[in-house]
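What follows is a set of notes on a single structure, which appears directly below.
The values are calculated or read from the model by the stated rules, or taken from the named source; none is laboratory data. As the structure is a computational prediction, the values presented were derived from the model and not from experiment. Here the Cβ is made from the backbone with ideal geometry for all residues, glycine too, and neighbour counts use every protein chain on show. Protein only, heavy atoms only, side chains kept; ligands, DNA and RNA dropped before computing areas. Shrake-Rupley method; radii C 1.70, N 1.55, O 1.52, S 1.80 Å.
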Amino acid sequence: MSLVLYEVQDGVGVVTINRPEALNALNTPLLEELDKVIDEVDTDSVRCLIITGAGQKSFVAGADIGEMKDMNSREAMIFGARGNDTFEKIERLPIPVIAAVNGYALGGGCELSLACDFRICSDNAVFGQPETGLGITPGFGGTQRLMRVVGSGMAKQMIYTARNIKADEAYRIGLVNQVCTQEELLPTVKKLATQIAKNAPIAVRGSKQAINAADRLGVEYGKVVEEKCFGSCFETHDQQEGMGAFLEKRKEKTFTNS
Ligand code: CAA
């Protein structure tokens, strides 16, 4: 049985972390499969990606503690780099990625959700960075991405205290954009993804590129990227189609990613 499942429907890809017996904890074979699946996403035909966890209880309950327990320093650095490289790949995908958080998102699970563009969760979700209670720092990007989403004060509080927070608190601090019932989670996220998939891919991707550029390298650089992306939308089929439809008062639009 695959540790990571992948399916595509109507231009929306769904990646499911599939190790429910261990609450989808990330071990090396799972991280290797996830990396391969991300490489296989055809970003020409897939317009939005969803990442979720198998089962009713957990998105991802963190990196595998059993595997990490007896690692030496060098092995742990390699393990951290493996997770970081794959999560970086997710963040750098040209298409939007939504985390559908269906339960525990702890440690590496919270970090996986942070590598996505935004997070929607079910009302049983629990977020946290429990690492300091295990004697380690967050290792898959938690010290870098959490503060960009919730601010450095809140990120430091969560990491230093290792305290888990429930869905309503995650919503209050801006870690998730929306909280749904468990039954509504995937339909809600799929509806959002379909809405994104209907817009001009060149414009959605350019927006992601410019926002991420500013996030990583600052507003001055981000503005340069925005100007380049804005300019490169013009003279495309999709720009002519989008603006043409508005001027012709036409509701139906066909964006071809060209
Ligand atoms: N690693 C390995 N196995 C895990 C795991 C993890 N992170 N989380 C859960 N599991 C396993 C449990 O060992 C258990 O396996 P067995 O049935 O074989 O004993 C199974 O999943 C079910 O878990 P529980 O019986 O513990 O379920 P619960 O409902 O009582 O508790 C929980 C759920 C609160 C999430 C609890 O499992 C828990 O605290 N898990 C660890 C969470 C954690 O600390 N994550 C951070 C890991 S460190 C990290 O991620 C570092 C990094 O940044 C890269």
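For the options MET147, MET77, MET158, a Gaussian network treatment of the chain with springs between C-alpha atoms closer than 10 Å singles out MET77 as fluctuating the most. Measuring with a 1.4 angstrom probe and ignoring ligands and nucleic acids, CYS180 comes out at about 10 Å² accessible.
Here PHE234 and GLU32 are evaluated by their C-beta separation; at R0 = 35 Å the FRET efficiency comes out at 0.25. Working from label points 7 Å from Cα in the Cα-to-Cβ sense, the MET154 to GLU252 distance is 4.4 nm.
Sorted largest first, the principal axis extents computed over the alpha-carbon atoms of the chain equal 64, 40, 34 Å. If you plug the beta carbon distance of MET1 and ASP70 into 1/(1 + (r/R0)^6) with R0 = 22 Å, you get a FRET efficiency near 0.25. Applying the Karplus relation 6.51 cos²θ - 1.76 cosθ + 1.60 with θ = phi - 60° to segment 84-99 yields 3J(HN,Hα) values of 4, 5, 5, 5, 4, 4, 5, 4, 8, 3, x, 8, x, 10, 10, 8 Hz, where x marks Gly and Pro. Backbone phi angles across segment 58-69, fed through the Karplus curve with coefficients 6.51, -1.76 and 1.60 (θ = phi - 60°), yield HN-Hα couplings of 9, 6, 8, 8, x, 5, 6, 5, x, 5, 6, 3 Hz in residue order; Gly and Pro are listed as x. Near the amide H of ILE173, within less than 5 Å, lie no amide hydrogens of residues on another chain or at least 5 residues away, with H placed in the peptide plane. With a threshold of 22 Å on the Cα-Cα distance, the over-threshold entries among LYS69/LYS156; LYS191/LYS251; LYS223/LYS249; LYS36/LYS69 are LYS69/LYS156; LYS223/LYS249; LYS36/LYS69.
Here the 3J(HN,Hα) profile of segment 29-35, calculated from phi with Karplus coefficients 6.51, -1.76 and 1.60 at θ = phi - 60°, is x, 5, 4, 5, 5, 4, 4 Hz, Gly and Pro shown as x. The angle between the Cα long axis of helix 152-161 and the longest principal axis of the Cα atoms of the chain comes to about 30 degrees, rounded to the nearest 10. For the pair ALA22 and LEU217, label points projected 7 Å from Cα toward Cβ lie 3.8 nm apart. Qualifying GluC sites (Glu not before Pro) in segment 159-258, where qualification requires a DSSP coil assignment and no more than 15 other C-beta atoms within 10 Å, comprise GLU235, GLU248, GLU252.
Surface composition of segment 107-258: carbon plus sulfur atoms contribute 56% of the solvent-accessible area (1.4 Å probe, protein chains only, all chains present).
Restricting the trypsin sites (Lys or Arg not before Pro) of segment 1-109 to loop positions (DSSP other than H, G, I, E, B) with no more than 10 neighbouring Cβ atoms within 10 Å leaves LYS69.
In the elastic network of the chain, a GNM with C-alpha springs shorter than 10 Å, the most mobile of GLY142, GLY83, GLY55 is GLY55. Per residue, the chain exposes an accessible area of 52 Å² to a 1.4 Å probe, with every protein chain left in place. For a straight C-alpha distance cut-off of 13 angstrom, the aspartates and glutamates reachable from LYS57 (same-chain residues fewer than eight places away being disregarded) are GLU21, ASP123, GLU183.
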